[in-house]
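Asks: Right, I'll just put the structure down here and ask away after.
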Amino acid sequence: MNLQNKTVVVTGANGGMGQAITKRFLEGGAKVAALDLHVDELEELENEYPDRLVTISANLTEEKQVKDAIEKAVDFLGKITTLVNTLGIAQSATPIDEVEFSQWNRLMAVNTTSLFLINKEVVKTMKKQGMGSITNIASIAAERPRPGLNAYVTSKGGAIAFTKALAIELAEYKIRVNAINPGPSDTSMLGKFSPEDGDVDKVKEETFKKSVPLGELVKPEDIAEAALYLSSDGARMVTGSVLNVDGGRGI
């Protein structure tokens, strides 16, 4: 797929899914601004694509830093045709009566509030263009919760609701907004859903992998391909949709 006409902002770009998405768009010829608090894992890609990739370090839960980061992205890209939000953190399985208020607030800030701040700034640019595509990464856990993931599930449910609200609000500007629900994924984040004293590898195999009807964990590259489709001209009539990439976990 030729993506030379795409100028892309990826948030959470230092994570497993963020890196895969950033790399996939670059391979297709797109120009990318990769945003995250830490961007060290992207150094090799930046050296490989010096003219088409810029990394921008920012705390995307802070309004001023988001504004500055998007301004830098626009300076590099010229315009933003595509936004893919992968930023997110996990919650170790914890009964609701043991969740600290600070933990709840942290999950909401990173997984939901950051979406508001980032989308708000990018939409300003997309409205002027009269076009754009936004993809927010949610989670199948919002539809099929697991015990103890109360705050995480709530934050991702908020991301889905926010996606649908924006889709109807921004349709008149030809801005499409969709979400992806990854299933249990083969990233470092998966182990963080285990109880804090649990055997991470055992939980991955006996809990998460066995819960997927297709029998294997989702790979970051699977999410990258889904993001590519939703951002493509081939999905021009797709908005307000939630695409499950979960190996059947949500059935």
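The values are calculated or read from the model by the stated rules, or taken from the named source; none is laboratory data. These numbers were taken from a predicted model, which means no experiment stands behind them. When we count neighbours, we look across all protein chains shown, and the Cβ atoms used for this are built from the backbone with ideal geometry, even at glycine.
Asks: Tell me, yes or no, whether segment 219-235 has at least one residue that is surrounded by fewer than 17 Cβ atoms within 10 Å (Cβ to Cβ), over 25 Å from L26 (Cβ atoms) and touching a residue at least 24 places away in the same chain (Cβ under 8 Å).
Replies: No, because not a single residue in segment 219-235 is surrounded by fewer than 17 Cβ atoms within 10 Å (Cβ to Cβ), over 25 Å from L26 (Cβ atoms) and touching a residue at least 24 places away in the same chain (Cβ under 8 Å).
Asks: Follow-up. So which residues in segment 168-206 are at pLDDT 70 or above, surrounded by fewer than 17 Cβ atoms within 10 Å (Cβ to Cβ) and not charged (D, E, K, R), if there are any at all?
Replies: Hits for segment 168-206 are I168, A171, Y173.
Asks: A follow-up question, please. Of S155, S133, which residue is part of a helix (DSSP H, G or I), modelled with pLDDT of 95 or more, within 18 Å of the chain's Cα centre (by Cα) and crowded, with 22+ Cβ neighbours inside 10 Å?
Replies: The match here is S155.
Asks: Just one of K72, K79 is charged (D, E, K, R) and within 20 Å of A227 (Cα to Cα); which is it?
Replies: K79
Asks: For segment 1-115, list the helices (runs of 4 or more DSSP H) that sit wholly inside it and hold at least 3 residues that are of a type in the set (A, V, I, L, M, F, W, C) and either modelled with pLDDT of 95 or more or buried (at least 21 other Cβ atoms within 10 Å of the Cβ) (or both); which are they?
Replies: 16-27, 63-77, 101-108
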